[in-house]
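Heads up, the thing below is written out as structure tokens.
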Amino acid sequence: MNGFRPTRRWLTRAALGTVAAVSAPDWLSAALAQGAGGTLRIGMAAPNTTLDPHFQSNAPNNAVNSHIFDALVTNDAQSGSKPGLAESWKALDDTHWEFKLRQGVNFSDGTAFAAEDAIASIQRANDLPSTSSFRTYTRSIKAMTAKDANTLLIETTGPDPLLPNSLSRIRIISADHKDAPTTEFNNGNAAIGTGALILQEYQPGTLVRFSRNDNWWAGRLPWNEVALRMMTDDGARLAALLSGDLDIIEAVPSQGTARVKQNERFHLIRGISSRFVYFAMDQKRDVTPFVTDNAGKPLEKNPFRDVRVRQALSMAINRQALAERVMEGDAVIASQFLPKGGAGTSDKVEVVPFDANRAKALLAEAGYPNGFRVTLHGPNDRYINDAKIVQAVAQMLTRIGVQAQAEVMPWSVYSAKNANAEFSMMLGAWGVNTGETSNPLKALVSTYDRQAGMGASNVGRYSNPEVDKLVKQALLTMDDAARNALLAQASELVFADFALIPLHHEVSVWAARKGLNYETRADQYTLAMGVTKG
């Protein structure tokens, strides 16, 4: 993928005053100069891969593209649905929705935003081929109609109470560019949005620079420019902040927090995220590939299919030690998908107690008095301290007689193998970015059914007909209270059955120079719109 270079159409827009054309050397020096020209400089831990807002759904892409493109519905810091380009919405009946659109909004090229732009964007997000498609958010939509320029009508194939939440994932582009290929977004020609910022330069994997959209409907930002520097190396990112080359960074490494605390020019910003970290286990195969007896011979039956074994492994894990030592305090112990009190959680689900003796007894009851051998798999560059977590849990399991070996690998390798359910026991994490539990219940523990879109990330292939029934019923229940009660029941079943082994919720850590603050987000996104002075 090549970096953005000014084209004739781009320079024409620049001449009209809708965008400023800046050569790479000029803006690079400006971006690196401390505070130059009102520039906010942000250090990002993971690079985005595209500026096409409908091509590939992942956190880095969605966060970066949120600066250029708005959505009909906006997720607030706690993943609640708030008005965006839609001022309001309502369900007319179980399958028809009306969205009233914000008037007086223009794209960065000066054209007016209208219902047809929303329809074109949603349709494109649904249709565009991708390895990580947005179709999971649009699959319930049967038809869309522009009642008038400011009213969008959506008909769904069945009841879909989470439609507004789903639409918060779909960024709105100008209908003029609905047929543009991804390359046209990456080179800047089609990167025309209604968002807080306007694209100036894109160097894939390195830097993205924006200028302020003075006409943004939500009020202009205090920064003339925003520069995002992609720095995957934790130490380099922290060093760039402390040297004054950056103003704020995300994903501060736990070993670096002391350096920030010791420097009076900077401060730490912490917030509990919605990311749920867990271990999954192969519960489908009769013989699972990475489990053997203590002599190294394959076991005749898969031990993870026995709930007593799953419970024993869960009780062998000292979550307090993980949170305090491995995560160095940047974790909250988890009992279920969200902390208690979240929509769809249950007050009846408690943290599994650490009890090595009881764990050993359960293994003996299940027919494994001498344990067995298992390889724990995980990534080493995706979640906070992921490799350390795998290694620590392997040691904990070994203490109850399960000879566990840790094997970690880059996310680029791990993710594909894990998605194909190749492992026996594997580390996972899920950002519960809908703010309620139907999302992880559907993706992580519903019976795998690719065509129906159920269990898409159920890598252990756990299957419980009662859970499936409750989840499917909840997904068709329009009343919030009734839906959350069904989700709570499903959660109780899942964690009583040890379908997954919960570990913790990540605490996200940012660091910024004094005088800058950031509203932490449950989805862990770093957005210039959340940075404030004072």
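With a cap of 10 neighbouring Cβ atoms within 10 Å, and only residues DSSP puts in a loop, list the trypsin sites (Lys or Arg not before Pro) found in segment 397-477.
Working: sites: 399, 417, 442, 450, 461, 469, 472; in loops: 399, 450, 461.
Answer by residue number: 450.
Restricting the calculation to Cα atoms, the chain shows an Rg/Rh of 0.99 when the hydrodynamic-style radius is the Kirkwood one.
How would you rank 328, 365, going from fewest to most other Cβ atoms within 10 Å of each one's own Cβ?
Numbers: 328 18, 365 13.
Neighbour counts put them in this order, fewest first: 365, 328.
Each label was represented as a point 7 Å from its Cα along the Cα-to-Cβ direction; for residue 324 and residue 293 these points are 4.0 nm apart.
Using the crude model of +1 on Lys and Arg Cβ and -1 on Asp and Glu Cβ, and no other charge, please compute the dipole size for segment 273-507 relative to its Cα centre, in debye to 20. Walk me through the intermediate numbers first.
Details: 25 positive and 25 negative charges, 87 e Å.
Roughly 420 debye for segment 273-507.
Taking the Cβ of residue 179 as the centre, find all other residues whose Cβ is under 13 Å away and add up their charges (Lys, Arg: +1; Asp, Glu: -1). Local charge sum for residue 179: -2.
Once both labels are positioned 7 Å from their Cα atoms along Cα-to-Cβ, the gap between residue 94 and residue 203 label points is 5.6 nm. Counting other Cβ atoms within 10 Å, which trypsin sites (Lys or Arg not before Pro) in segment 476-530 have at most 10 and lie in a DSSP loop? Within segment 476-530, the qualifying trypsin sites (Lys or Arg not before Pro) (loop, at most 10 other Cβ atoms within 10 Å) are 514.
Helix 115-127 versus the longest principal axis of the chain: what angle, 0 to 90°, nearest 10, using Cα atoms? So the inclination is approximately 40 degrees.
How would 122, 384 line up from fewest to most surrounding beta-carbon atoms within 10 angstrom? Walk me through the numbers on the way to the answer.
On the way: 122 23, 384 26.
Least crowded to most crowded, the residues run 122, 384.
Once backbone amide H atoms are built at 1.01 Å from N, residue 504 has 277, 334 as its partners under 5 Å, excluding neighbours fewer than 5 places away on the same chain. Model label points for residue 218 and residue 356, set 7 angstrom from Cα along the Cα-to-Cβ axis, are 5.0 nm apart.
The 3J(HN,Hα) values that the Karplus relation (6.51, -1.76, 1.60; θ = phi - 60°) gives for segment 46-55 are, in residue order, 9, x, 6, 10, 6, 9, 7, x, 10, 8 Hz. Gly and Pro appear as x. Couplings 3J(HN,Hα) of segment 38-44, computed from phi: x, 8, 9, 10, 10, x, 9 Hz, in residue order, whole Hz [Karplus 6.51 cos²θ - 1.76 cosθ + 1.60, θ = phi - 60°; x for Gly and Pro].
Taking the C-alpha atoms only, the angle from helix 480-496 to the longest principal axis of the chain is near 40 degrees.
Among the GluC sites (Glu not before Pro) found in segment 181-270, those both in a DSSP coil and sparsely packed, with 13 or fewer other Cβ atoms within 10 Å of their Cβ, are 264.
Place a +1 charge on the Cβ of each Lys and Arg in the chain and a -1 charge on the Cβ of each Asp and Glu, then give the dipole magnitude about the Cα centre in debye, rounded to the nearest 20.
Values: 55 positive and 54 negative charges, 157 e Å.
That gives the chain a dipole magnitude of about 760 debye.
Considering all different alpha carbon pairs of segment 273-507, the Kirkwood hydrodynamic radius works out to 17.8 Å.
Here's the list of lysines a cross-link from residue 178 could span, going by alpha-carbon distance under 30 Å and ignoring same-chain residues fewer than 8 apart: 82, 90, 100, 142, 147. In this structure, the amide hydrogen of residue 376, modeled 1.01 Å from its nitrogen in the peptide plane, lies closer than 5 angstrom to those of 405, 406, 407, counting only residues at least 5 positions away or on a different chain. In this structure the amide hydrogen of residue 189, modeled in the peptide plane, comes within under 5 Å of no amide hydrogen from residues 5 or more places off or on another chain. Measuring r between the beta carbons of residue 109 and residue 451 and using R0 = 35 Å, the FRET efficiency lands at 0.30. Of the residues 291, 326, 351, the one whose Cα sits farthest towards the positive end of the charge dipole of segment 273-507 is 291 (charges of +1 on Lys and Arg Cβ, -1 on Asp and Glu Cβ, taken about the Cα centre). Backbone geometry of segment 449-464 corresponds, through the Karplus equation with coefficients 6.51, -1.76 and 1.60 at θ = phi - 60°, to 3J(HN,Hα) couplings of 8, 4, 5, 7, x, 9, x, 4, 10, 7, 6, x, 6, 4, 9, 9 Hz, x marking Gly and Pro. Cβ crowding within 10 Å, taken as a proxy for footprinting-reagent exposure, orders 290, 276 from fewest neighbours to most as 290, 276. Once the Cα-Cα distance is subtracted from the 0.36 nm per residue extended length, the residue 472 to residue 135 segment shows a gain of 119.5 nm.
Coordinate-derived values only; no laboratory data. All of these numbers come straight from a predicted model, not from anything done at the bench. Don't worry about glycine lacking a Cβ; one is built from the backbone with ideal geometry, like all the others, and counts go over all protein chains shown.
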